[in-house]
Amino acid sequence: MNGKIRTTLLSAAGAMLSAVVIRRSISGAFDRNMVGTALDREEPKAMQKLKERLKGEAVEDEEVMALCRQMQQRLEQSPHETVRITGYDGTPLVGHLFRAEQEKRVILAMHGWRSCWARDFGPVADFFRENDCTVLYAQQRGQGESGGDYMGFGMIERFDCLEWIKWLNDNGFGSSKIYLAGISMGATTVLMTAGFPELPENVAGVLADCGFTSAKAEWKYISENNLRIPYDRRGKHVDALCRKRIELSSDAYTTLDAMKTCHVPILFVHGEADTFVPVEMTLQNYEACQSPKKLLLVPGANHGMSYFLDRDSYEASVKQFFREQENTN
């Protein structure tokens, strides 16, 4: 072979190899940042520019967001008790207890991913109070004042939820009907909790608003639909990174698994225009659920916005759900 041709071929091969190495390096860095954004308490700086794209194409209503901030502040400043417990693995957990004057039921409320208790439940807090609900707003691990370096996308938090139920039953609420309520990752948390066979008998029902089915399903959806990045080829690497952080694969436990063993009634809620957690995931959960179930879909509502877009239907559905459980149990 001509020396000049050989040199040219070798140079071309080297360039191609370098390009492959660079692509793999970039892909690996993206995967690490993606998993870090999903699970780490401290969000990777490299992903902050993509934060808006994670949510999809919907534009947030500034007036609604301002109202949410006002409601959050009001709830945070309302008189309540701060509760501290130790999670199943020794992680310190913090909650906020609001006692009803004439209590009819207790709600254990779990907030969503990279959010907080007062932000997610500020809009509905007055409704709970006006309907004589004592509410314990838990702070999820890896967020806020609770301990832990990582979030577990419901797979770990379900054990925390069970510990909160035990705390309620050991601290004066053992004869009360307890409802588990969650939004987004909080909804996934309470749905997964409902799958425990040892769930205390006084857990009367679950209110699940826009929950996803699994970390894997949610990450795949966000990657392919919102970030426009293929997921299947990088799935194994992402899963390995997940196991390294929380010692669980991204689909080690799913809400669909929980629905097979769940025996408590569930009210599923989801906005049909959700671009962060697709409504199809709630429909899958509803179909898989083996216990008594109700479904409220809100046309036009994006992620976590069902209460704002159709408050009347939301409140009517929840009150009817309470009546059905409390008249039959």
### Query
Only one of (1) of a type outside the set (Phe, Trp, Tyr); (2) assigned to a helix (DSSP H, G or I); (3) over 30 Å from Ala316 (Cα atoms) is not met by Thr282, so which one is it?
(3)
### Query
Looking only at residues in the range 127-181 that are in a helix (DSSP H, G or I) and free of Cβ contacts under 8 Å to residues at least 40 places away in the same chain, which one is nearest to Cys262 (Cα to Cα)?
Lys166
### Message
I'd like the full set of residues that are at pLDDT below 85, assigned to a loop (DSSP other than H, G, I, E, B) and either among the β-branched types (Val, Ile, Thr) or within 20 Å of the chain's Cα centre (by Cα) (or both), limited to the range 31-79.
### Response
Glu43, Pro44, Lys55, Gly56, Glu57, Ala58, Val59, Glu60
### Message
Looking for something assigned to a loop (DSSP other than H, G, I, E, B) and under 24 Å from Ala109 (Cβ atoms) - is there at least one such residue anywhere in the range 230-247?
### Response
no
### Summary
In the range 111-124, anything open to solvent by less than 10 Å² (accessible area, probe 1.4 Å) and assigned to a helix (DSSP H, G or I) is listed as Ala118, Phe121, Gly122
### Message
So, in the range 271-329, exactly how many residues are surrounded by 15 or more Cβ atoms within 10 Å (Cβ to Cβ) and more than 29 Å from Ile222 (Cβ to Cβ)?
### Response
6
### The listed residue being surrounded by 20 or more Cβ atoms within 10 Å (Cβ to Cβ) and either more than 20 Å from the chain's Cα centre (by Cα) or modelled with pLDDT under 95 (or both), out of Leu168, Leu207, Leu191
Leu168
### Task
Can you run down the residue pairs with Cβ atoms below 6 Å, 6 or more apart or on separate chains, where the first is in the range 230-253 and more than 21 Å from Arg158 (Cβ to Cβ) and the partner is crowded, with 16+ Cβ neighbours inside 10 Å and acidic (Asp, Glu)?
Arg234/Asp31; His237/Asp31; Val238/Asp31
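The values are calculated or read from the model by the stated rules, or taken from the named source; none is laboratory data. Worth saying up front: this structure is predicted, and the values here are computed from it rather than measured. All Cβ positions, even for glycine, are placed from backbone atoms using ideal geometry, and neighbour counts span all protein chains on display. The protein model used for the area step is the full one, side chains on, heavy atoms only, and it has no ligands, DNA or RNA in it. Shrake-Rupley method; radii C 1.70, N 1.55, O 1.52, S 1.80 Å.
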